[in-house]
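The structure under discussion appears below in the form of structure tokens.
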Amino acid sequence: RKEVEQDPGPFNVPEGATVAFNCTYSNSASQSFFWYRQDCRKEPKLLMSVYSSGNEDGRFTAQLNRASQYISLLIRDSKLSDSATYLCVVKENYGQNFVFGPGTRLSVLP
Amino acid sequence: DGGITQSPKYLFRKEGQNVTLSCEQNLNHDAMYWYRQDPGQGLRLIYYSQIVNDFQKGDIAEGYSVSREKKESFPLTVTSAQKNPTAFYLCASSITEQYTEAFFGQGTRLTVV
């Protein structure tokens, strides 16, 4: 079983749509969780950290369910510029390395 | 400006040659990481280092080597033993406390010709 799994995608949605990404992780000792965005042939960039209480940043909302080992990302009112690959990332323990999911590609269509 | 600098951006290597990818950071981060990304694939960890003069193998360390003589620098050598080195290589750094993210360099695209 892979350590971090994501929806296989790709997701093709019209502008203005709401889209949800799902992620599960296998290591129950994981402590920190993130969503990164990666544009084609570029480096990943942090979109948002994911906190236990859930957090929102503008059109983006992240949720964490530790009991189910599940992380989600919701994008509302999607824009053309949201087209990218979204990576779910887990940091397992203090000072340990980051484990990346395979990513889910999003294409927002005009 | 603080950040991570990888060089070169593009690199071509002949089969059988070793090549070294540079990664420098001025963020004063203790931890540094090397990842490999193949087309349409996720990031796979090659090596990581939590402190100067110490590093650990990741999931795909075979055919690669690293050094960490300075906090700011974590070069990666792709040796001739790496059978399929053509890929996008990403260096990252972070502080070692919980809940802190990784910052990435712009990557080096290595092609074997």
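Points to keep in mind about this one:
- Subset of region A:13-24 [assigned to a strand (DSSP E or B) and either at pLDDT below 95 or over 16 Å from the mean Cα position of the chain (by Cα) (or both)]: A:13, A:14
- Highlighted here are the strands (runs of 3 or more DSSP E) found entirely within region B:63-113 that include at least 2 residues which are touching a strand residue (DSSP E or B) at 6+ places or on another chain (Cβ under 8 Å) and within 14 Å of chain A (Cβ to nearest Cβ): B:87-94, B:108-112.
- Strands (runs of 3 or more DSSP E) fully within region A:40-85 that include at least 1 residues being open to solvent by less than 20 Å² (accessible area, probe 1.4 Å): A:45-50, A:60-65, A:70-75.
- Of all the numbered requirements in (1) in contact (Cβ under 8 Å) with a residue 40 or more places away in the chain; (2) at the interface with another protein chain (Cβ under 8 Å from one of its Cβ atoms); (3) in contact with a Gly (Cβ under 8 Å, 6 or more places away or on another chain), residue B:23 misses one, and that requirement is (2).
- Residues of region A:86-102 satisfying the condition of being open to solvent by 10 Å² or more (accessible area, probe 1.4 Å) and either in contact (Cβ under 8 Å) with a residue 60 or more places away in the chain or in a strand (DSSP E or B) (or both): A:92, A:93, A:94, A:99, A:100, A:102
- When the test is whether a residue is within 14 Å of chain A (Cβ to nearest Cβ), of a type outside the set (Ser, Thr, Tyr) and touching a Lys or Arg at 6+ places or on another chain (Cβ under 6 Å), residue B:60 passes it.
The values are calculated or read from the model by the stated rules, or taken from the named source; none is laboratory data. Note that the coordinates shown come from a computational prediction; the quantities given were computed from them, not determined experimentally. Neighbour counts are summed over all protein chains in view; Cβ atoms, including those assigned to glycine, are modelled from backbone coordinates with ideal geometry. The area values use the complete protein model at the heavy-atom level, side chains included, leaving out ligands, DNA and RNA. Shrake-Rupley method; radii C 1.70, N 1.55, O 1.52, S 1.80 Å.
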